[in-house]
1. Which percent, nearest 5, of DSSP beta bridges in the chain are antiparallel?
2. In whole Å, how far is the Cα centre of the range 178-245 from that of the range 102-145?
3. Would you list the P(r) distribution for the range 1-144, with all Cα-Cα distances sorted into 10 Å bins from 0 and each bin expressed as a whole %?
4. Rank the residues M6, M195, M1, M218 as a footprinting-exposure proxy: fewest other Cβ atoms within 10 Å of their Cβ go first.
5. Enumerate the amide H contacts of Y155 below 5 Å, restricted to partners 5 or more residues apart or on another chain; note that Pro and chain-start residues carry no placed amide H.
6. Sorted from largest down, give the three principal axis spans of the alpha carbons of the range 99-139, whole angstrom values.
7. For V49, enumerate residues with amide H under 5 Å from its amide H, sequence gap 5+ or separate chain, H modeled in the peptide plane.
8. Using each residue's phi in the range 208-222, evaluate 6.51 cos²θ - 1.76 cosθ + 1.60 at θ = phi - 60° and report the 3J(HN,Hα) Karplus result to the nearest Hz, with x for Gly and Pro.
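Derivation of every value follows stated rules applied to the coordinates shown; laboratory data play no part. Please read these numbers as outputs of a predicted model, since none were measured by experiment. Don't worry about glycine lacking a Cβ; one is built from the backbone with ideal geometry, like all the others, and counts go over all protein chains shown.
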Amino acid sequence: MKIIAMIPARYSASRFPGKLMKDLGGKSVILRTYEAALDTKLFEAVYVVTDSEIIQENISNAGGAVIMSVAEHQCGSDRIAEAVAHLDVDIVINVQGDEPFIDKVSLSKLIAVFKNDTGKKIDLASLKVQITAKEEIENPNNVKVITDINNLAIYFSRSVIPYHRDEDVVVKYYKHKGVYAFRKQALLDFHKTPMTPLEASEKIEAIRYQELGKKIKMVETTIESIGIDTPEDLEKAKKYLNLLQ
């Protein structure tokens with residue numbers, strides 16, 4: 001089983017333009033993410049996939065592997081699908097470019113899903129983390145996920161799911177972490193299918209996989225990653241890096 005990591009990287013970002021090229025302890029955010037993915041030693045290869053010449057030059061100058069996107073893409077799955085179309089690979093891990101402190105433990109759990117899936121019934125694996133604060137549960141920026149008894153995803157939503165009608169029943173809420181592991185064919189099927197109705201409504205790409213009938217195995221993690229979405233997040237990341245060094 002050949003397992004690789006793909007790091008989709010756009011230079012533009014609505015909330016924090018150019019964030020992947022911001023300095024983090026003497027290196028760009030995207031370069032630190034790339035090197036962290038390599039350091040896990042979980043993958044046979046790691047690639048940054050981008051349409052930005054600035055990012056391409058930064059990674060290439062450091063000796064890294066870059067694939068330049070040809071087409072315009074609306075989401076990371078499409079960008080990765082184009083990149084892997086002609087690669088000999090079985091499993092593709094989508095590593096977020098703005099998370100330079102890779103959670104190796106959680107990534108290992110995602111890989112284990114496919115190693116244990118001898119019948120090849122699982123198309124994707126992804127992460128969920130329990131949330132308890134009311135403001136987190138009700139925040140539409142936090143995508144929630146519900147699963148069946150086998151931890152297969154039933155639905156993803158920006159709304160509060162499940163609805164807690166009976167207060168005597170204990171309900172757990174889970175936030176979806178956008179780290180995916182794909183079988184190559186699932187990516188290709190996604191890429192050739194236009195945006196589906198529920199996906200368009202919620203603006204959650206995982207829903208397109210579900211509308212295509214793909215099975216998504218959810219893996220619970222207790223580790224909250226350090227993503228860089230704002231200048232404030234970058235300052236937190238710098239402080240965290242100083243603690244590690």
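1. Bridges in the chain are about 55 percent antiparallel.
2. Cα centroid to Cα centroid, the span is 9 Å.
3. 10, 37, 36, 15, 2
4. M1, M195, M218, M6
5. For Y155, whose amide H was placed from the backbone, the distant partners under 5 Å are I146.
6. Each principal axis gives a Cα extent; for the range 99-139 these are 40, 25, 13 Å.
7. Residues meeting the amide H criterion: I7, A9, I67.
8. Couplings: 4, 4, 5, 5, 8, x, 7, 8, 10, 8, 9, 10, 7, 10, 9 Hz.
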